[in-house]
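Peer 1: Structure incoming, see below.
The values are calculated or read from the model by the stated rules, or taken from the named source; none is laboratory data. Since the structure is predicted, the reported quantities are computational estimates derived from the model, not experimental observations. Quick reminder, even Gly has a Cβ in these numbers, built from the backbone with ideal geometry, and neighbours come from all protein chains shown.
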Amino acid sequence: MNLSGGTTFKDYIGSGTTGIVGLLNTVVVPVIFALAFAAFVWGVMTYFFLNGGNEDKRSEGRQFIFWGILGMVVLFSVWGFVNLMLSTLGIAPAA
């Protein structure tokens, strides 16, 4: 299938660092990882340093820690599963 300008569908979707897959791998996924890590760090800071002795603030920090860790675990798991499937199907980018 040829899109306008001589670009094929395979070129448009891409792999590794090109096309839509490349955009997801090099921009979107790292940004989501950074946000999950930032939530975790904010939770640690709130729990230990920014609570002012307020138990509600400590509880809020604990929630940020929990959701930050959960987010990173889910992201790593899905990322690993997708890479496993890509390598199993033989469409993983060459290293």
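Peer 1: For the range 60-95: of the residues being small (Gly, Ala, Ser) and in contact with a helix residue (DSSP H, G or I) (Cβ under 9 Å, 6 or more places away or on another chain), which is modelled with the lowest pLDDT?
Peer 2: Residues of the range 60-95 that are small (Gly, Ala, Ser), as a first pass: 61, 68, 71, 77, 80, 87, 90, 92, 94-95.
Adding the requirement that they be in contact with a helix residue (DSSP H, G or I) (Cβ under 9 Å, 6 or more places away or on another chain) leaves 61, 68, 71, 92.
On the way: Gly61: 93, Gly68: 93, Gly71: 91, Ala92: 58.
Applying the filter and picking the extreme gives Ala92.
Peer 1: List, please: which pairs have Cβ atoms under 7 Å, are six or more places apart or on different chains, and start with a residue in the range 18-41 that is closer than 16 Å to Val78 by Cβ and end with one that is exposed (fewer than 12 other Cβ atoms within 10 Å of the Cβ) and of a type in the set (S, T, N, Q)?
Peer 2: Asn25/Thr17
Peer 1: Run Gly53 past the list (1) modelled with pLDDT of 85 or more; (2) exposed (fewer than 11 other Cβ atoms within 10 Å of the Cβ); (3) at negative phi and report the number of the one that doesn't hold.
Peer 2: (3)
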